[in-house]
Amino acid sequence: MDVFDAVESRIACRWFLDKPVDPAIVRDLLVRAARAASGGNLQPWHIYALTGAPLAELKRRVAAHIASHDPRHDDAEYPIYPATMWEPYKARREEHGVQLYGALGIGRDDAAGRLAQYKRNFEFFNAPVALFIAIDRKLGPGQWGDLGGYIHALAFLARGHGLDTCPQESWARMHRIVREFVSMPPEEMLFCAVAIGYGDHAHPANAFRSPRAELADFCKLFGFE
């Protein structure tokens, strides 16, 4: 798969086949993604990779934690979204929700169905590999930008192996459980998780493509006439 196809075919995969991923491929992805751009070559990413029995045990602990309450009420270590959203971001986020829940047949007023779908984040949507991406909490916006570059490089490289990914900021709400489980030092902050596996492209959750804004909506061109 060439790089153009990898970028075009990447999705936030929300259900995976029950099919293992070769550990050697995962190691290769982690190494190759580290070629992502990094200001000053700081390489600010810290990765904790889980599969097999360790992943199953972590999922069990999280399931026990969220069994009796809404995980959306757990506090993340950083604001995942602004407290009050404004345009055009508000409309984009709402449209994405309409697409996802509509594809799953979950109505706007179906609070239980929406919560059940949200909780599937903490099952990694059945993915056999989970990564936790952390950053030194003393680093700044430039390094957070580089962290995103690593995640996207990983996602595009995964497509080269026929794999799909799902970056999941929702896992920042489970930072206490994750921190203890992987022995993450206190100077590191959990940014997100990334699910990796072979996507089930027949699943309704993967049946839509989220739209992107037109070029004129986010870019001003000078000298391109």
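Just so you know, all these numbers are worked out from the coordinates, no wet-lab data involved. Fair warning: this is a prediction, and the values are worked out from it, not measured in the lab. Backbone-built Cβ (ideal geometry, glycine too); neighbour counts: all protein chains shown.
Couple of notes before you dig in:
- Amide hydrogen proximity for W45: with H placed 1.01 Å from N in the peptide plane, no residue at 5 or more positions away or on another chain lies under 5 Å.
- Here the relative contact order of the chain, from alpha carbon pairs under 8 Å that lie six or more residues apart, stands at 39 percent.
- Fewest-first sequence of C192, C13 by Cβ atoms within 10 Å of each Cβ: C192, C13
- Which of R32, R72, R173 has the fewest Cβ neighbours within 10 Å, and the rest in rising order: R72, R32, R173
- Amide H contacts of T165 (H built 1.01 Å from N, in plane; Pro and chain starts excluded): I11, C13 sit under 5 Å, all sequence-distant by 5 or more or on other chains.
- Here the chain is described by how far its Cα atoms reach on the three principal axes: 59, 45, 36 Å, from widest to narrowest.
- FRET efficiency for A202 and T84, using Cβ-Cβ distance with R0 set to 41 Å, rounded to 0.05: 0.60
- Where a label projected 7 Å from the Cα of E180 along Cα→Cβ would reach, residues of the range 56-71 with amide N under 13 Å: 58, 61-66
- As a rough footprinting exposure proxy, the listed residues S170, S183, S9 were ranked by other beta carbons within 10 Å of their own, and the order from fewest upward is S183, S9, S170.
- Candidate lysines - alpha carbon under 19 Å from K19, same-chain residues fewer than 8 apart omitted: K59
- Projecting the Cα atoms of G142, A33, F191 onto the charge dipole of the chain, computed from C-beta unit charges around the Cα centre, puts F191 farthest toward the positive end.
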